[in-house]
Every structure is written in C-alpha cells, then in structure tokens.
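Step one of this worksheet: look at the structure below.
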Amino acid sequence: MQYISIDELGSLMGLSRHSIYRRRTYMPETVPPAIKIGGRLRWNADTVDEWLKEHEEKEETR
C-alpha cells in the first residue's frame with residue numbers, strides 16, 4: 001500500500017496545499033478521504049485513483 005503527501009495530491013488535482021486544507025475543512029466531499037500518519041495527512045494512492053475516477057466529469061452522449 002502506498003501513501004501520497006498533500007503536495008502529490010495537489011499535483012494530481014491541480015490544487016494548492018492551502019486549497020486542499022480549506023476544502024477538507026469546509027467542503028470535505030470535494031477531496032479524497034485522508035488519514036494521519038505521524039501527525040501528517042496522507043492519502044492512499046489507490047483510494048485517490050478510485051475517488052478521482054468516480055468524480056470525473058462524464059461526457060454527455062447525444
């Protein structure tokens with residue numbers, strides 16, 4: 001199991017550290033769930049991949 005840091009998550013999502021912290025506080029549904037390891041936030045890489053796939057915009061079929 002691999003964990004990623006807030007900087008790596010920010011790179012994947014195109015967000016700053018500040019934006020991720022703010023979203024976790026005020027809009028937690030807009031970022032993947034995190035865990036604390038040694039007092040630092042970490043994200044399970046597989047969970048992040050799944051979360052991003054679930055939340056990507058779907059193309060409208062006509």
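The values are calculated or read from the model by the stated rules, or taken from the named source; none is laboratory data. It should be emphasised that the depicted structure is a prediction, and the values quoted were computed from it without experimental measurement. Because the Cβ atoms are built from the backbone with ideal geometry, glycine has one as well, and the counts that use them run over all protein chains shown.
Odds and ends about this structure:
- Among the numbered conditions (1) out of contact with any Lys or Arg (no Cβ under 8 Å at 6 or more places or on another chain); (2) modelled with pLDDT of 95 or more, the only one that Leu15 does not meet is (1).
- Pairs where the first residue, in segment 16-38, is among the charged types (D, E, K, R) and the second is in a loop (DSSP other than H, G, I, E, B), C-beta under 6 Å, 6+ apart: Arg23/Val31; Arg24/Val31
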